[in-house]
Structures are given as C-alpha cells and as structure tokens.
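**Q** Below you'll find the structure I mean.
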Amino acid sequence: MATYLIGDIHGCYHELRHLLDKVSFDPAQDTLWLTGDLVARGPDSLEVLRFVKSLGSSLKLVLGNHDLHLLGVFAKISRNKPRDKLNDLLNAPDADELINWLRRQPVLQVDEDKKIIMAHAGITPQWDLETAKMCAREVEAILSSDSYPLFINSMYGDLPNNWSPELSGLARLRFSTNALTRMRYCFPNGQLDMICKDKPQDAPAPLKPWFDLPSQLPNGYSIIFGHWASLEGKGTPDNVYALDTGCCWGGNLTCLRWEDKQYFTQSSLSAPK
C-alpha cells in the first residue's frame, strides 16, 4: 500500500494517467492525494473529473482556486473564460453530477497517522492546526449547501487579509478561502498579501513566502501544497512540499511517493497556448 501525492492537474488528463501508470498506482490498495486545481487551462478537465471521481475512497483531494472558479461559472456568477477550456465539461451530460460532487470536496486534508496536512495554497502562519481545521470546515459547509452561490458571489476580493477570531460571516469565509486556495506571500506579521505573484527572489520587501514565516503548526507535521508553479517544486523547508510544477504551462506533472519520498514526473504532452 502506497500513498501518492500529485500536484495541480489543470485538465492534463493524459499526463495524469501516464504518471499513475509509471508508479503502478492501484486504487484497490493505494491512496492518491491531489493538491487541487483539477480543472481549467489544460485540455481535458471533463476526463479528469470523471476519472478522479471514479476512484472513490482511494482518493483524497482539496479544492483549489480554479476548482472554485468552475463552481462560479456553473452557478452563472463567474465568467467562462475561453482560456480555461471548460466548455466540454460544462456541456457534458453528467456536468451537474460532476460539479455537485466537486463542491462537496474538502479544502483541507489532515492525516494524523502520516502527519500530513494538505491545502491547495498552504496554511497561513496566523493559524494553528485547530483553527485551520475549523475555518476549512466552515468553507466546506457553505460550499456543500444550497446557499453556495451566495458565497461564491462574495468570495472574490483581497480583504480582509488579516486573521482575527472575531471575523464573521462572508468576510471570515473570504479570508479562509484566500488563505487556503490563493495565498503565496505574507507580511512579517502573517498578514496576507494577495497581489504579488513573483518568484521569491523577485518579491519586494518585506514580503516572504508563507512557508518562510514561523509556523504555529505542531512539530512533526508535513505540509503538501500546489498552486505556485513558479516555485518549480523548490525552495521550501524540509517539511513543506510544493508539488505544482506547471504541467498545463508546458512543465511537468509531479508525483511524490510518501513512503520513501521518491519523486516521479511526467512531462506535458501538449504545448500551452
């Protein structure tokens, strides 16, 4: 039994299947963890969703910002941008089933035995583990409810960018969603910066990658995240694993086998447009 963790797929279905073949993934006994952004930008979002949904209990995933964008498009709140290549999915006969399944997936995964924490963007240094779990459950509850379009309609925005237990309502949900699915940089006090997307060596002072600030998480846990393709899987502390390596941009799809920390990659099979 093995645990395989794979970075952002972004509709790169054939690369995903080739990568799983390389590692001889067996859903009857192995577990597949996915860092989110299953859909958009790559050519085959429909096939990706159909496949990962079929994996059932052998799958652990978190939602990413592009997955949330799909929910917004589905709810007719967000604009369907041609570059996201979502039309095949949106027009599929099983679109309702797939997208309603997707919105009931978590935004945070924690395995207490393996000491793994997975979120699409990471864990803000302003949260301890219990706060992260609580905030994630709140987002998941609204996404899985009939009121999710109301949340999606208010989800977009960069404020508030500072955590406080007193945050409430849509402002609290927006902060949590940004921290879990969009965050890259923070100010030294942990306040989120939602603007800079530069590589760490090019980021203006005093911004630092979230993982370079002191963490409130318990010792012994490892954090798995995606979202940040320009890191190329590099430059993080020993217990932090960046798995988005930009397959949909012409890079690789990356897999980490947890038991021996061995990496496997599959190069992009189609040039980005």
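**Q** Nearest 20 debye, what's the magnitude of the dipole of the range 143-273 about its Cα centre given +1 on Lys and Arg Cβ and -1 on Asp and Glu Cβ?
**A** Numbers: 11 positive and 12 negative charges, 39 e Å.
My answer is approximately 180 debye.
**Q** Ignoring ligands, DNA and RNA, what percent of the 1.4 Å accessible area of the chain is carbon and sulfur?
**A** Details: 5680 of 11850 Å².
Carbon and sulfur: 48 percent of the exposed surface of the chain.
**Q** Got a number for the accessible area of Thr31? Probe 1.4 Å, square angstrom, nearest 10.
**A** We get 40 Å² for Thr31.
**Q** Here is a follow-up. For Lys85, which lysines qualify as cross-link partners when the Cα separation must be under 30 Å and same-chain residues fewer than eight apart are set aside?
**A** Reachable lysines: Lys22, Lys53, Lys60, Lys76, Lys197, Lys199, Lys234, Lys273.
**Q** Give me a comma-separated list of calculated 3J(HN,Hα) values for the range 178-195, in order, Karplus coefficients 6.51, -1.76, 1.60 applied at θ = phi - 60°, integers in Hz, x for any Gly or Pro.
**A** Result, rounded to whole Hz: 5, 5, 7, 10, 10, 4, 10, 10, 9, 6, x, 7, x, 4, 6, 10, 9, 10.
**Q** Can you give me the Rg/Rh ratio for the chain, using Cα atoms for both radii and the Kirkwood formula for Rh? Intermediate values should be presented prior to the final figure.
**A** Working: Rg = 17.4 Å, Rh = 18.7 Å.
Answer for the chain: 0.93.
**Q** Right, another one. Which listed residue (Gly7, Leu150, Val23) has the Cα farthest towards the positive end of the charge dipole for the chain, taking +1 on Lys and Arg C-beta and -1 on Asp and Glu C-beta about the Cα centre?
**A** The listed residue farthest towards the positive side: Leu150.
**Q** Here is a follow-up. Sorted from largest down, what three extents in whole angstroms do the Cα atoms of the range 54-166 have along their principal axes?
**A** 41, 36, 27
**Q** For Trp33, list long-range residues whose amide hydrogen, built 1.01 Å from N in the peptide plane, is under 5 Å from its own amide hydrogen.
**A** Sorted by chain and number, the residues that satisfy this are Tyr4, Leu5, Ile6, Lys60.
**Q** Also: First check a/c for the range 173-273, with a ≥ b ≥ c the square roots of the eigenvalues of its C-alpha gyration tensor; if it is under 1.5, answer rounded, and if not, answer prolate when a/b is larger than b/c or oblate otherwise.
**A** Details: a/c = 1.96, a/b = 1.30, b/c = 1.51.
In terms of gyration-tensor shape, oblate.
**Q** So, one more: So in the chain, what percent of DSSP beta bridges are antiparallel if you round to the nearest 5? Kindly include the intermediate steps, with their values, before the conclusion.
**A** Details: 16 of 30 bridges.
Bridges in the chain are about 55 percent antiparallel.
**Q** When ligands, DNA and RNA are left out and all protein chains stay put, how many square angstrom of accessible area per residue does the chain have with a 1.4 Å probe?
**A** Numbers: 11850 Å² over 273 residues.
Result: 43 Å² of accessible area for each residue.
**Q** Still on this model: Quick one: among Thr177, Thr35, Thr236, which has the greatest mean-square fluctuation in a GNM of the chain with alpha-carbon springs under 10 angstrom?
**A** Result: Thr236 has the largest fluctuation of those listed.
**Q** Sticking with this structure for a sec: What are the ³J(HN,Hα) couplings of the range 57-72, residue after residue, when phi is run through the Karplus curve with 6.51, -1.76, 1.60 and θ = phi - 60°? Round to Hz, x for glycine and proline.
**A** 6, 7, 10, 10, 9, 10, 7, x, 5, 6, 5, 5, 4, 4, 4, x
**Q** Now for a different question. With θ set to phi - 60° and the Karplus curve 6.51 cos²θ - 1.76 cosθ + 1.60, what are the ³J(HN,Hα) couplings of the range 232-240 in order, to the nearest whole Hz, using x for Gly and Pro?
**A** Per-residue couplings from phi come out as 6, x, 10, x, 9, x, 4, 9, 10 Hz.
**Q** Kindly report, to the nearest 10 Å², the accessible surface of Tyr13 as traced by a 1.4 Å probe over protein heavy atoms only.
**A** 40
**Q** Taking only Cα atoms and a 10 Å spring cutoff, compute GNM fluctuations for the chain and point out the largest among Ile77, Ile195, Ile116.
**A** Ile195
**Q** Name the shape class, rounded, prolate or oblate, that the alpha-carbon gyration tensor gives for the range 198-256, where a ≥ b ≥ c are the square roots of its eigenvalues, rounded holds for a/c under 1.5, and otherwise prolate holds if a/b is larger than b/c and oblate otherwise.
**A** On the way: a/c = 3.02, a/b = 1.21, b/c = 2.50.
It is oblate, given that a/c is not under 1.5 and a/b is not larger than b/c.
**Q** Indicate the gyration tensor shape class of the range 41-118 (rounded, prolate or oblate), computed on the Cα atoms with a ≥ b ≥ c the square roots of the eigenvalues: a/c under 1.5 is rounded; otherwise a/b larger than b/c is prolate and the rest oblate. Before the final figure, lay out the partial values.
**A** Working: a/c = 2.23, a/b = 1.75, b/c = 1.28.
Prolate is the answer for the range 41-118, as a/c is 1.5 or above and a/b outweighs b/c.
**Q** What does the helix-only formula give at 222 nm for the chain: each DSSP H stretch with n ≥ 4 adding -39500 (n - 2.57), the total divided by the residues, and the result rounded to the nearest 500 deg cm²/dmol?
**A** -8500 deg cm²/dmol
The values are calculated or read from the model by the stated rules, or taken from the named source; none is laboratory data. What you are looking at is a predicted structure, and each value in this text was computed from that prediction instead of being measured. We place every Cβ from the backbone using ideal geometry, glycine too, and count neighbours over all the protein chains shown. What goes into the accessible areas is simple: the full protein's heavy atoms, side chains included, and nothing from ligands, DNA or RNA. Shrake-Rupley method; radii C 1.70, N 1.55, O 1.52, S 1.80 Å.
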